[in-house]
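Data first, discussion second: the structure below is written as structure tokens.
The values are calculated or read from the model by the stated rules, or taken from the named source; none is laboratory data. From a predicted model like this one, the values you see are computed outputs, not experimental measurements. Backbone-built Cβ (ideal geometry, glycine too); neighbour counts: all protein chains shown. In case anyone asks, the SASA skips ligands and DNA or RNA and just uses the protein heavy atoms, side chains included. Shrake-Rupley method; radii C 1.70, N 1.55, O 1.52, S 1.80 Å.
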Amino acid sequence: MPDSAALYRTVRLIRRFEERAVELVRAKQIFGGIHPYTGQEAIAAGTCAALRRDDLITSTHRGHGHVLAKGADPARMLAELAGRATGLNRGRGGSMHAADFGLGVLGANAIVGAAAPIATGAAWAARRAGSDRVAVTYFGDGAVSQGVVLEAFNLAALWRAPVIFVCENNGWATTTRTADAVAGTITGRAEAFGIPAARVDGMDPEAVLAAAAEAVARARAGAGPTLLECLTYRFDAHHTWEHTARPRYRTPEEVEAGRARDPLVIQGARVPEAERERIDADIEDLLADAVRFALESPLPDPATALDHLYADGTRVRAGAA
Amino acid sequence: MTILSYLKALNRAITDEMDRDPAVCVFGEDVRAAVTNVTAGLVKRFGPERVLDMPISEQAFTGVATGAALAGQRPLIEYQIPALLFLAFEQIANQAHKFSLMTGGQTRVPVTYLVPSSGSRDGWAGQHSDHPYSLFAHVGVKTAVPATPADAYGLLVTALRDDDPVVVFAPAGAMGRREDVDLTALAPVPLGVGRVHRPGSEVTVVAVGHLVHDALAVAEELSDSISVEVFDPRTLHPFDWQGLSDSLDRTGRLVVVDDSNRSCGIGGEILATAAEQMHLIAPPKRITRPDGAVLPFAEELDRALQPSRDQLRTAIQTVAKAGGFR
Ligand SMILES: Cc1ncc(C[n+]2csc(CCOP(=O)(O)OP(=O)(O)O)c2C)c(N)n1
Ligand SMILES: [Mg+2]
């Protein structure tokens, strides 16, 4: 039996986190903007609910939801977005690179598709190390046309690597419709490599959890990779620059129709009202504290800008001498 | 006179060339919706056959452009972010660039690669903030980095008419520039011809791309004490060595400001060539990013690794005072 309240809590946390983050972008507290995950929360919540703490994930440019669902501290995540020294990556990564290795979050990635082989390699290594950990790699519908993703499918299938490919098909890659970019089908691409693939209702956290649990069990048992194509919709902008630039590619009718099924409402209906209210209040407090923590945290010292460039601390020449 | 923005200059160059030559076509991601605004209005005017939205398949569509060029088209590729050049690097450096020589001159590859907002673009962090023009100059792909709207127009037109692959970097730090121009006087700018933006007699500052504007500002600040000449090479490969030599004949002192990583950046090549072959009366200096820099996300860290006006001012003052070679 899925823990409906826990799933609701994760969806709610991500939704409200993103809403607060968008406010901070507007207030210029977050440098450069974000790619909001709003609308797609069921996928992060459902898949991460099927994982253990020591399992691995890689995330995308639209990655806040994955990182939070895997258990990252919202305060340190928000501090990262605000470029603070207390952030998950000490202010070095920002929205598109949030990582938390203590929780198996091998990092969000700003290059579409680039993380699929990385997750495959991590999954292979986990098995080689004798563990039964699995890796989940998230990517969008846009990524299935990157050669490296298809090359990763091939390697994962050849090696029966314990990796789950989670494609978040939200219908659009920036302004390009999935149908205008993808020949054939997304599941068909995986099936061509002998990888079992399923289409999942990516708006329903429990449907995602059920599919993910099956894929994770297969991977743990040594039966190899699975692809889940989760059908979803991006409720907000591709990136917050759209809030000012307002490119026209989706009609208001389409956006309205896309928002009609809302993972927050779907999962909320499964939780008694009193409990829901308690969770909601809890999350408001948590996020109020997170915002305060982020904004009160120190900025990184410019003299440390090259720290962590090399594992062994190798020093390099400065740009002016 | 009309105010021309850098962005509009790029758009106008493409529009004019598409009007003039039906072989010019545009490939890229989101080019119909024109998310970078560079391709605004093109699909309406020239139709979807000539303005093609691509799947996120940079390696493939870069190669497709090469093939199309071999068969008579003159594609322009817009890359949304500088890192996409890394994805497509093999197709550019090892394919498009090598056809002419390897086929014994049987063919040409007229493709233009345009990178709007190259370099750091404020808050896009490590994987979106590189400025890899030196890499292309190094492998020998023709490379232009215009600093002003008129040069952006002129160099992009020239790139589109050139029979070789040409990469045009439009630095994020220059994309907001505007300039009062006579639109009828806009003209192609030849590759390999630099431009003296400000004449001076004591120190030559070679500035690349957006840094030209920083160099001009610093030259102005220092004008009471030091006479600074600002030389903009405009193209890094081919490079206007004669223009640089002429400038150094006047000043004998050199500072280069270059948004490349220090080791193996174009700034090093400029210093080396000047030291080998030109008139220098004092040791030259360069301001660059650090060796192998990865730009961190936070604003103050990102800024700390890019060439700054303070660094440039200090370098000019040091070189101006330096006692000279013995
Ligand atoms: C390889 C690569 N090409 C282009 C980009 C620019 N870009 C960033 S997100 C994006 C669209 C991605 O679409 P999709 O994979 O469907 O994810 P979504 O944004 O819909 O979540 C593009 C083209 C990039 N970051 N990496
Ligand atoms: Mg998408």
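Cut-off 15 Å, label point 7 angstrom out along Cα-to-Cβ of residue B:309: give me the residues of the stretch B:215-250 whose amide nitrogen falls inside. Residues B:215-224 qualify, since their backbone N sits under 15 Å from the label point. What accessible surface, in Å², does a 1.4 Å probe find on residue B:214, ignoring ligands, DNA and RNA and rounding to the nearest 10? Around 40 Å² of this residue is reachable by solvent. Reported to the nearest whole Å, the Cα centre-to-centre distance from the stretch A:85-125 to the stretch B:138-167 is 36.
The C-alpha atoms of chain B define a longest principal axis, and helix B:149-161 lies at about 50 degrees to it. Backbone geometry of the stretch B:135-144 corresponds, through the Karplus equation with coefficients 6.51, -1.76 and 1.60 at θ = phi - 60°, to 3J(HN,Hα) couplings of 4, 6, 4, 5, 7, x, 7, 4, 9, 10 Hz, x marking Gly and Pro. Of the residues A:97, A:308, B:97, ranked by 1.4 Å probe accessible area with the largest first, the sequence reads A:308, B:97, A:97. Across A:70, B:142, the residue with the most accessible area heads the list, and the full order at a 1.4 Å probe is B:142, A:70.
Which angle from 0 to 90°, rounded to the nearest 10, does the C-alpha axis of helix B:266-277 make with the longest principal axis of chain B? Value to nearest ten degrees: 50.
Relative protection proxy for B:113-121, A:310-318, A:185-193, A:85-93, from highest mean packing down: B:113-121, A:85-93, A:185-193, A:310-318 (other beta-carbon atoms within 10 angstrom).
Where a ≥ b ≥ c are the square roots of the eigenvalues of the C-alpha gyration tensor, would you call the protein assembly as shown rounded, which needs a/c under 1.5, or, failing that, prolate if a/b is larger than b/c, or oblate?
Taking the square roots of the gyration eigenvalues as a ≥ b ≥ c, the protein assembly as shown is prolate.
Accessible area of residue B:57 (1.4 Å probe, protein heavy atoms only, ligands and nucleic acids ignored): about 20 Å².
Ignoring lysines fewer than eight residues from residue B:142 along the same chain, the ones with Cα atoms less than 19 angstrom from its Cα are B:98.
When a 1.4 Å probe is rolled over the protein heavy atoms, the share of accessible surface on the protein assembly as shown that falls to carbon and sulfur comes to 51 percent. Remark: relative contact order (the stretch B:2-184) = 29 percent; criterion is Cα-Cα distance under 8 angstrom and separation of 6 or more residues. Accessible surface buried by the A/B pair amounts to about 3300 Å², both sides summed, 1.4 Å probe. Taking label points 7 Å from Cα along the Cα-to-Cβ direction, residue B:182 and residue A:210 give a separation of 7.5 nm. Solvent-accessible surface of chain A, taken per residue with a 1.4 Å probe and all protein chains present: 40 Å². Work out which helices of chain A, taken as complete DSSP H runs, extend at least 24 Å along their axis over the Cα atoms and score a mean Kyte-Doolittle of -1.0 or more, then list them. Membrane-span-like by this criterion, though nothing is claimed about a membrane: A:4-26, A:273-296. Measuring heavy-atom accessible area with a 1.4 angstrom probe and counting protein chains only, the residues of the stretch B:296-313 that give up at least 40 Å² relative to the chain alone are B:297, B:300, B:301. For the stretch A:244-259, a decrease in accessible area of 10 Å² or greater in the assembled protein chains relative to the isolated chain, with a 1.4 Å probe, applies to A:247. Scattering from the stretch A:131-266 was approximated by placing one identical point on each alpha carbon and applying the Debye formula without solvent; log10 I(q)/I(0) at 0.09, 0.16, 0.21, 0.22 1/Å stands at -0.30, -0.85, -1.24, -1.31.
Taking the DSSP bridge list for the stretch B:195-320 and keeping only pairs wholly inside it, about 20 percent are antiparallel. Mind checking which aspartates and glutamates have their Cα closer than 13 Å to the Cα of residue B:285? Skip sequence neighbours fewer than 8 apart in that chain. By straight Cα distance, residue B:285 reaches B:258, B:269. Which parts of the stretch B:77-126, residue by residue, lose 40 Å² or more of accessible area when the rest of the protein chains are there, as against the chain isolated (1.4 Å probe)? Listed by number, the residues meeting the 40 Å² cut-off are B:124. The mean sequence separation of alpha-carbon pairs under 8 Å and at least six residues apart, normalised by the residue count of chain B, gives a relative contact order of 16 percent. Bridges between two residues of chain B, per DSSP, are antiparallel at a rate of about 20%. DSSP beta bridges confined to the stretch B:2-184 are antiparallel in about 15 percent of cases.
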